[in-house]
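Just below is one structure, and these are the notes that go with it.
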Amino acid sequence: MAQIEWLGHASFRLRNGATVYIDPWKLKADEPKADVILVSHTHYDHLSIEDIEKIRTPQTRILGSMDCADKIAPPLIGARPGEAHTLAGVAVRTLPAYNINKEFHPRASDWLGFIITLGGETIYYVGDSDLIPEMADAGRVDTALIPVGGTYTMTAAEGAQAAERIGARRVIPYHWGDIVGTRADAEAFARACPATAEILEISR
């Protein structure tokens, strides 16, 4: 089973053989180096060049939304929703992530969620998204990482509906505790969720 560490806000580190970072932000200087870095979109709290450089090595593989291409030094794989890639032995599928009742994350931007298979476990990072129909296309998901802070993404109640739509056996809330969202949002999500919900403490 993969080790999942919440690094605060919308940033995660996954480890099982390979070390995978998702949207690294506000990292310490001595974090473990990355085999794979995934960047969902170009908002400053998801794409941080400073943090990418803290964990990047010449062997690190980076995949991000297409608009990352002129911001991250190559090599970089630019991706759109609906693609499949294998990076350092890690299988990654991209799904759309967008807002349906607000304008912060337009569907036309082709920003990303990720389905990552690591050590036999399937982990779905929803990205900055509302409750969208494409979540039902995720296939088998062991663990879903779901934003619940509201304002820019789903509320706690919408996040619980997303968990039901995805059908994961375990869910972890994020996008709370920094910029927007509180522990109360994470706790409300956990109470309403049909799956086993785990509220992580920040790994520092």
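Quick notes
- The number of residues in segment 1-26 that are assigned to a loop (DSSP other than H, G, I, E, B) and under 20 Å from Ile199 (Cα atoms) comes to 8.
- Residue count for segment 82-135, restricted to those that are among the polar types (S, T, N, Q), over 24 Å from Arg170 (Cβ atoms) and touching a helix residue (DSSP H, G or I) at 6+ places or on another chain (Cβ under 9 Å): 2
- Scanning segment 170-204 for residues that are surrounded by fewer than 18 Cβ atoms within 10 Å (Cβ to Cβ), assigned to a loop (DSSP other than H, G, I, E, B) and over 17 Å from the mean Cα position of the chain (by Cα) gives Thr182, Pro194, Arg204.
- Residue within segment 47-68 that is assigned to a loop (DSSP other than H, G, I, E, B), among the small types (Gly, Ala, Ser) and in contact (Cβ under 8 Å) with a residue 12 or more places away in the chain present: yes
- Residues (under 12 Å from Ser65 (Cβ atoms) and either surrounded by 21 or more Cβ atoms within 10 Å (Cβ to Cβ) or of a type in the set (Ser, Thr, Tyr) (or both)) located in segment 96-132: Pro96, Ala97, Tyr98, His105, Ser109, Trp111, Leu112, Gly113, Phe114, Gly127, Asp128
- Odd one out for Ala97, checked against (1) over 18 Å from the mean Cα position of the chain (by Cα); (2) within 20 Å of Ala136 (Cα to Cα); (3) of a type in the set (Gly, Ala, Ser): (1)
- Within segment 96-109, residues that are over 11 Å from Gly127 (Cβ atoms) have Cβ atoms under 7 Å from residues that are in a loop (DSSP other than H, G, I, E, B) and modelled with pLDDT under 90 in these pairs: Phe104/Tyr152, counting only partners at least 6 apart in sequence or on another chain.
- Some residue of segment 100-110 being out of contact with any His (no Cβ under 8 Å at 6 or more places or on another chain) and in a strand (DSSP E or B): no
The values are calculated or read from the model by the stated rules, or taken from the named source; none is laboratory data. The shown structure was predicted, so the numbers you read here are calculated from the model rather than taken from an experiment. A quick note on method: Cβ atoms are made from the backbone with ideal geometry, for glycine too, and the neighbour counts reach across all protein chains shown.
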